[in-house]
1. Quick one: what pairs do we get from segment 257-286, first residue without any contact (Cβ under 8 Å) to a residue 24 or more places away in the chain, second among the small types (G, A, S), C-beta under 6 Å, 6+ apart or different chains?
2. Looking only at segment 377-384, decide whether some residue is surrounded by fewer than 18 Cβ atoms within 10 Å (Cβ to Cβ) and more than 8 Å from the ligand (Cβ to nearest atom).
3. Do you know which residues across segment 335-350 are in a helix (DSSP H, G or I) and touching a residue at least 60 places away in the same chain (Cβ under 8 Å)?
4. Looking at (1) in a strand (DSSP E or B); (2) over 19 Å from H194 (Cβ atoms), which is the one condition that is false for V207?
5. Within segment 365-380, can you find the residues that are in a helix (DSSP H, G or I) and charged (D, E, K, R)?
6. What number goes with the only condition from (1) in contact (Cβ under 8 Å) with a residue 60 or more places away in the chain; (2) more than 17 Å from G449 (Cα to Cα); (3) over 15 Å from the mean Cα position of the chain (by Cα); (4) outside any loop (DSSP other than H, G, I, E, B) that I384 does not pass?
7. Out of E429, E441, I need the residue that is among the acidic types (D, E), touching a residue at least 24 places away in the same chain (Cβ under 8 Å) and within 21 Å of V537 (Cβ to Cβ). Which one?
8. I'm trying to understand the selection: among the residues of segment 446-464, which are of a type in the set (A, V, I, L, M), more than 11 Å from the ligand (Cβ to nearest atom) and surrounded by fewer than 24 Cβ atoms within 10 Å (Cβ to Cβ)?
Amino acid sequence: MVMKTQTVSSLKNTQVVAFESREQEQIKKRLLSLGAFPVIAPAMQEIPLEKSPERDSFIEKFFAGQIDLLILNTGTGTRLLLDALLTNSDKKEVMHVFEKAMVIARGPKPANVLRAFGLACFSEVSEPSTWKQIIETLDVDAKGIDLAGRKVAIQEAGQPSLELLEALRKRGAHVMRIPLYRLALPDDAGPLCHAMKLILNQEVSVVFFTNAYQIKNLFQLAEEQGLQQSLKIALSQTLVASIGPRVSASLRESGLPADYESSRPTIDCLVDEVAQWFTKLQEEKSRSSFITRAFEKKEVSLEDKKKRHESVFLKACRREPVPYTPVWLMRQAGRYMESYRRIRSKVPFLELCKTPELAAEVTVSAAEALNTDAAILFSDLLLIVEPMGLALEYTAQDGPMISGCLPTKESISRLNVSDPADSLSFVYEAVRLMRASLKPEIPLIGFSGAPFTMASYILEGGASRLFLQTKTLMYRQPETWHLLMDKIVTVLVPYLKHQIQAGADAVQIFDSWVGCLSPEDFRNFVLPHSRRLIQEVGNEVPVIHFGTGTAPFLRDFREAGGDVIGIDYRISLDQAWNLVGHDVAVQGNLDPTVLCADQNYMFQRAKEVLDLAGSRPGHIFNLGHGLLPQTPEKNVIALVDYIHQVSFRSSSKS
Ligand code: CP3
């Protein structure tokens, strides 16, 4: 992890737990040298399998020269395999057969065992030695060897890596797995029980996980004692350090994202880096631990709901007078934030969206850091296309890419429109977590794309300038176009309703690309569908209907519905409000690029927006489109603060 500012930090006098077994002396020494009080609690032992038919069959095939590639995963496994090979053959024979095969060592541990045996002819996978680097090794060292029909043997360490198996099978390899040992709780679980007690009593500052099995075994022990939930809560308030991506992935699966992942997968590096960043990590942890406290209180209380009903944001949605103008910002949780970029350097965007705890952390910490009057669900517009049967990918260069739908009747007829109740359950779970973790008076906004913007993504496969596919379908096959729009609305209605059910206090519908249409096309091809969506979502919570480039048809845009109309920056706010009518609330509309200017200029432009809104009830301050990744974080904080101060109406009765 690269952090910009280095703070003076150490582990001096802090009690920490390490679960390492084999290298326990090493980690203990390192921690002691840094002044920490280490509690070493071995969490697993490797028990060699007495019988393993797969091992016997491998040995036979290996000596017969029938194994094309051997992947060695662990030091212990490699040692056990060499021992097994030596049972009926001498060292020379074993060396000889190794020299003939292609052998890959996953990292330094199996490589060191091979070297100690006297073998040199193998490839060593580079750090962090995940399945991806194994595949890279195959592609680079083995010059893209064709694996079709080849026999690949994998020495297994506990659970197989499903991704590796899948990648090998995709290349046509016949994979053979060789289990050699199983991982169990240590015979003496005393130290582990003691460590668990210290964690439960919150007497530990950091826990170090150096192997994925440690997590599994620790939780198994907790479960046996009926302490699983308490342990989860206690750990959510303790700094969790991980040695590498595999361990971090296991931690995420257990609902405990690592607070720190070592930049290199070695014990010394892990310990040193945690010591170096300890103070900063602790600060971040105390900021985010309220999220995980939400595990304890997921119920939304009626009293809190009432409090929220009286919030400035929801009042403004209802056009009731407010003491100051509420403000939130589109894309307030995103790449302009250092803390977000840090999370993203470890987790791909889609995975972030699909991990409720992480999504909740992003949403809540953005709202808290900026002091906005509402939070927005961290997710993405496009997730809904997956349950519709399409493939979704985010690439660093080209942004989102969708594939699987052609602009034909056949293709569109095949789109799945079943209720995304289960397929997108992670979104609703994220909403529940966010709702429980946000301050009770801060409303949470759920969202979806509008039918037109969704249709254009589905048809263009990504961002577009001309919307050629979209408009051509519209003009050439209007029936098929309406079928597509209809299908999209059929999925979006339950999607938004589930978000509301899970605790969203308002929803926003983003029609980000609708401005590419003429007013007439909007009326004929879009309006009826947006209207159906908004009507069917109902009026349990306010609906914000946002679009960009809507100035030429704002009246019609409003006709489609919404309690609040989101205005982009290409029209002045007073003019827009006149067009949509004063019987609806408005949201907007500072140009997001203004935040990249200097602060005084930004304040001046923000004041203009407030002045154009007058003090009329029903204005929510926002940008005319999402925050740009280049925006200085301090400007965003300053803007929210400025809006609160300048709009404060001391004479307000509310
Ligand atoms: O803070 C928030 O506003 C909440 C989260 C949010 C995201 N996307 C996160 C995101 C919301 C509300 C969206 C909506 C969204 N997604 C829209 C409508 C809003 C708008 O800008 O008009 C659109 C068009 C998308 C589709 C999308 N998602 C694009 C075009 C991109 C890539 C380009 C870009 O702006 O980053 C994304 C990815 C995306 N969605 C990111 C974020 C924070 C960046 C991903 C990353 O971390 O690399």
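The values are calculated or read from the model by the stated rules, or taken from the named source; none is laboratory data. If you're wondering where the values come from, they're calculated on a predicted model, not measured in any experiment. FYI the Cβ positions are ideal-geometry reconstructions off the backbone, even for glycines, and counts take in every protein chain you see.
1. C269/S262
2. no
3. Looking only at segment 335-350, we keep the residues that are in a helix (DSSP H, G or I), and these are 338-344, 349-350.
Within segment 335-350, E338, R342 qualify.
4. For V207, the exception is condition (2).
5. Our first condition is that a residue be in a helix (DSSP H, G or I); within segment 365-380, this holds for 365-370.
Passing the criteria: only E368.
6. Here I384 clears every test but (2).
7. Details: E441 fails: within 21 Å of V537 (Cβ to Cβ).
Criteria check complete, one pass: E429.
8. Matches in segment 446-464: none.
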